[in-house]
1. Give the number of residues within the stretch 317-337 that are surrounded by 15 or more Cβ atoms within 10 Å (Cβ to Cβ) and at pLDDT below 85.
2. Taking residue 288 as meeting all but one of (1) at pLDDT 60 or above; (2) outside any helix (DSSP H, G or I), write down the number of the exception.
3. Any chance you could count how many residues in the stretch 139-174 are within 27 Å of residue 93 (Cα to Cα) and either modelled with pLDDT of 85 or more or under 21 Å from the mean Cα position of the chain (by Cα) (or both)?
4. Provide a single number: the residues in the stretch 178-214 that are modelled with pLDDT under 90, assigned to a loop (DSSP other than H, G, I, E, B) and touching a strand residue (DSSP E or B) at 6+ places or on another chain (Cβ under 7 Å).
5. Go through (1) more than 22 Å from residue 157 (Cα to Cα); (2) modelled with pLDDT of 75 or more and name the single condition residue 340 misses.
6. Touching a helix residue (DSSP H, G or I) at 6+ places or on another chain (Cβ under 6 Å), outside the structural domain of residue 13 (by TED's automatic domain parsing) and in contact (Cβ under 8 Å) with a residue 60 or more places away in the chain - does that describe any residue in the stretch 173-185?
7. Being surrounded by fewer than 13 Cβ atoms within 10 Å (Cβ to Cβ), modelled with pLDDT of 90 or more and in a loop (DSSP other than H, G, I, E, B) is the requirement here; does residue 42 meet it?
């Protein structure tokens, strides 16, 4: 089944990904597990027939090697969008993963999938599940719409966190060319919803979407107080006032973030403390205005930066606070792959659980 799937995927695979497969295979034949295949695989590459032909021949003669390369690439790459859910289920994560991935071959999903998605395959890749399906799209060539197809992946990762070992699920959607999105502004949310609905309907999982707004506000407050040095720093955000006015601020160095309009007023008060102490009524009015406006304003999105001190390690995530019940994470700047995503989610879940524990103590 994998060879049949890969044979179709490779015909539409971009060249950079074919090169990545070649590199992964070259690395694997140097390991003890696959060193017995080294001479045979190098002979295939030596023919000089191009990466696609070489990969097809390796798929036909050394299927286990190709599957290992596939798992390494897919389990370590970064994806573009994520949503987090609490998992309310008595079963262990291992039991759920086995249940999902023990269904061999492509799974016919009936009405649980949107019309653009035909079917999907669940594969365990190290510590994540990869849901792969063929995605239909339309490409315009010489003003003629041409139906096309590609493979598309959504990754599901299970998390356990907190002293009471709470369970969480992370659903990650990959980027894809615009002609597969069919002009849908909420394409990635739909892909996440497709897998969310499938997990709940097919395997009776109870997924509770996580709104990260309060968690992000807590992180900003802790950074401001200097309570923890390893927290991410708010580096940009958009603010929509109750009057309809909008403001966006982006801090390039991400050392500090000043709230649009309001942050500048607060900074003005701090820098002119002596002057405002002589006009306490004005100061009280301004501080009241700042507080009321913050409370009544809408924040459509905000951006946080991890590891800003070292450019190569920097990760920037845009948190979209939309009408969806969850906060959408948009990883738009980093080169740390899956490990970088894990760092982000781990720090978010830590603060989310801390906030929940604090709330329970207060009650």
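1. So the answer is 4.
2. Evaluating residue 288 over (1) at pLDDT 60 or above; (2) outside any helix (DSSP H, G or I) leaves (2) as the failure.
3. Counting residues in the stretch 139-174 that are within 27 Å of residue 93 (Cα to Cα) and either modelled with pLDDT of 85 or more or under 21 Å from the mean Cα position of the chain (by Cα) (or both) gives 20.
4. Residues meeting the conditions: 1.
5. With (1) more than 22 Å from residue 157 (Cα to Cα); (2) modelled with pLDDT of 75 or more applied to residue 340, the lone miss is (1).
6. Yes, the conditions are met somewhere in the stretch 173-185.
7. No.
The values are calculated or read from the model by the stated rules, or taken from the named source; none is laboratory data. From a predicted model like this one, the values you see are computed outputs, not experimental measurements. Quick reminder, even Gly has a Cβ in these numbers, built from the backbone with ideal geometry, and neighbours come from all protein chains shown.
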